[in-house]
Amino acid sequence: MLHTRTTPAQRRRAFREQLASGRLLRVPGAINPLSARLIQDTGFDAAYLSGAVLAADLGLPDIGLTTSTEIAQRAQQTTRATDLPVLIDADTGFGEPMNTARTVQLLEDAGLAGLHLEDQVNPKRCGHLDGKTLTSRAEMVRRVRAAADARRDPDFLLMARTDARSVEGLDAAIERARAYVDAGADAIFPEALTDVSEYAAFRKAVDVPLLANLTEFGRTPLLDTRTLEDLGYNIALYPVTLLRLAMGAVEDGLRTIAAEGTQQSLLPRMQPRSRLYELLGYQEYAAFDSAVFDFTLPPGT
């Protein structure tokens, strides 16, 4: 009630242990704190905060317009609502290496289990669009080193994302990934791989946990969990799935109300009030409130 039952340190340690287990972790992207609680309630391993989703929530495109303080504030709201480890997209670190260092500490303080940084320059683009521009490998190495030096909790996961596959080719992406690991990255996020053979090549070449980005309508095939387990990947990420589902339903609902003049036909598609209250823990709040206020003072007080 009101907050999680675990500390950020406990969640970071749990996430590290899950990664070390070798099994595939399934990580959907939350769209708000309540959806993070639902991700936990349905049995997933961790939750994720996508930069694209955080920007879209503000009515902005995913081109680097958000700030480190904005995402830290939203992250803290989410980590308060779930006992799952939460990962976050930290874009390019929101500035020079010194800004990246500050970003790491802001996100540590927000209760997150880890973050990923990417090797694009600003204005950045979605990883599955054309026209991306990469920073130099040396500059990204400085970015990763700054993040590693700024980290105070050694269990806070630093992941490096490389967008080099679609700009410089697969071999260059692998070489960049190796350099980022040498600079202090704990895990690698190879963006926009195009087939199973590329996933296998990355796994063979890089000896740290690897993330598979299973975003819809992009360059990457939507591989199932069995395939990813066989390939030896550690995280299956569904970053924007819930936003797309929710916004599709919202748009359909609005059009239905506009056309029919009532929401009556939409009721079977809605989450009922009872389920919402269950997720919110209404009963626990009511019990707490009753315990605080429903009492009789002893005589003479």
Worksheet, complete the sentence: Regression test value, accessible area per residue of segment 135-191, probe 1.4 Å, units Å², expected 37
Worksheet item: Efficiency by 1/(1 + (r/R0)^6): what FRET value for Ala249 and Ala138, r their Cβ-Cβ distance, R0 = 41 Å, to the nearest 0.05?
Response: 0.35
Worksheet item: Rounded to a whole number, what % of the accessible area of segment 9-154 do carbon and sulfur atoms account for, probe 1.4 Å?
Response: 51
Item to complete: Kindly report the accessible area of segment 1-130 per residue (heavy atoms of protein chains, probe 1.4 Å, no ligands, DNA or RNA), in Å².
Response: 41
Fill in: Computed lengthening from Glu216 to Asp195, 0.36 nm per intervening residue step minus Cα-Cα distance
6.1 nm
Item to complete: Set the Förster radius R0 to 22 Å, insert the Cβ-Cβ distance between Ala205 and Asp149 as r into 1/(1 + (r/R0)^6), and round the FRET efficiency to 0.05.
Response: 0.25
Worksheet, complete the sentence: Per principal axis, largest first, the Cα atoms of the chain extend in Å by 76, 58, 37
Worksheet item: From the phi of every residue in segment 193-198, what ³J(HN,Hα) in whole Hz does the Karplus formula 6.51 cos²θ - 1.76 cosθ + 1.60 yield, where θ is phi - 60° and glycine or proline is x?
Response: 5, 10, 7, 4, 4, 6
Item to complete: Obtain the radius of gyration and the Kirkwood radius of segment 1-66 from its C-alpha atoms and give Rg over Rh.
Response: 1.03
Worksheet item: For the chain, what's the relative contact order in percent, using C-alpha pairs closer than 8 Å and at least 6 residues apart?
Response: 18
Worksheet item: Distances over 19 Å make up what percent of all Cα-Cα pairs in segment 1-125?
Response: 46
Worksheet, complete the sentence: Fraction of alpha-carbon pairs in segment 187-227 farther than 14 Å apart, rounded to whole percent, equals 43
Worksheet entry | Linear extension gain, Ala287 paired with Thr256, 0.36 nm per residue minus alpha-carbon span | 7.3 nm
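The values are calculated or read from the model by the stated rules, or taken from the named source; none is laboratory data. Just so you know, these numbers come straight off a predicted model, no measurement behind them. Cβ: placed from backbone, ideal geometry, glycine included. Neighbour counts: every protein chain shown. Ligands, DNA and RNA are excluded from the accessible area calculation, which covers all protein heavy atoms including side chains. Shrake-Rupley method; radii C 1.70, N 1.55, O 1.52, S 1.80 Å.
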